[in-house]
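I have placed the structure first, in the form of structure tokens, so that the comments after it can refer back to it.
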Amino acid sequence: MTPLTWFRPVAVCIATVALSLITAPALVAQANAELRCQVVDLPNAPAAAGSAQESVHRIYALLDAWRGALREADMEAVTNLVTEDAEFWSQGAVALTGRRALADAFRPFLTGYELLQDFDCHELIVRGDLAFMRGLEWNRLESRSGGETIEVQQRAFSVMRRGTEGRWRFARGMTNEAPTQ
């Protein structure tokens, strides 16, 4: 199986590199500058609990932890960053449902490749204990044995959920190939 074939089913989980909780107007400009994201406010939606600034910092830490865990191929860290019931859809692949399915898909993949990722957020909607984000992701796979490097750009939609203990995790994700230009 080629690296690109392995990458496509796994890439959806990478798409869940999702975002921040922004409820205070002062944070909107900061988030837009850092994430290049249009923050959308939903009328009549319940506001998030707790400090918006604290949530932003926690979610940025989650994003950093996700990138680091993938780069280091740390499966325990990766699976701890998603909810127990996480589900990820990738174009043309069977859904990955739950932490075990994620680990089973990522483990052989991350053994052979280092994954480097960047994300361009186009829109973010955050309310209560849920955050929805859509944008583009760029993934660079570098062979750990010095082989070929693969770069893939794809569209991504992610959902993050804050648990009862206050910790944000990735809960849902969907990716598909970006159109060629």
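Taking segment 130-146, which residues are out of contact with any helix residue (DSSP H, G or I) (no Cβ under 8 Å at 6 or more places or on another chain) and in contact (Cβ under 8 Å) with a residue 12 or more places away in the chain? Reasoning before the result, please.
Taking segment 130-146 as the starting set, the residues that turn out to be out of contact with any helix residue (DSSP H, G or I) (no Cβ under 8 Å at 6 or more places or on another chain) are 130, 132-136, 138, 140, 142, 146.
Listed by number, the residues that qualify are Leu130, Phe132, Met133, Arg134, Gly135, Leu136, Trp138, Arg140, Glu142.
Just to be sure, is Phe132 crowded, with 22+ Cβ neighbours inside 10 Å and modelled with pLDDT under 90? If you could, list the steps in order and put the result at the bottom.
Numbers: crowded, with 22+ Cβ neighbours inside 10 Å: no; modelled with pLDDT under 90: yes.
Considered against the rule, which asks whether it is crowded, with 22+ Cβ neighbours inside 10 Å and modelled with pLDDT under 90, Phe132 comes out as no.
Got a sec? Which of Arg172, Arg167 is basic (Lys, Arg), out of contact with any strand residue (DSSP E or B) (no Cβ under 6 Å at 6 or more places or on another chain) and in contact (Cβ under 8 Å) with a residue 40 or more places away in the chain?
Numbers: Arg172 fails: out of contact with any strand residue (DSSP E or B) (no Cβ under 6 Å at 6 or more places or on another chain).
Being basic (Lys, Arg), out of contact with any strand residue (DSSP E or B) (no Cβ under 6 Å at 6 or more places or on another chain) and in contact (Cβ under 8 Å) with a residue 40 or more places away in the chain holds for just one of Arg172, Arg167, which is Arg167.
Can you tell me which of (1) in contact with a His (Cβ under 9 Å, 6 or more places away or on another chain); (2) open to solvent by 30 Å² or more (accessible area, probe 1.4 Å); (3) not acidic (Asp, Glu) is the one Gly146 doesn't meet?
For Gly146, the exception is condition (1).
The values are calculated or read from the model by the stated rules, or taken from the named source; none is laboratory data. From a predicted model like this one, the values you see are computed outputs, not experimental measurements. Because the Cβ atoms are built from the backbone with ideal geometry, glycine has one as well, and the counts that use them run over all protein chains shown. Calculation scope for accessible area: heavy atoms of the full protein, side chains included, ligands and nucleic acids excluded. Shrake-Rupley method; radii C 1.70, N 1.55, O 1.52, S 1.80 Å.
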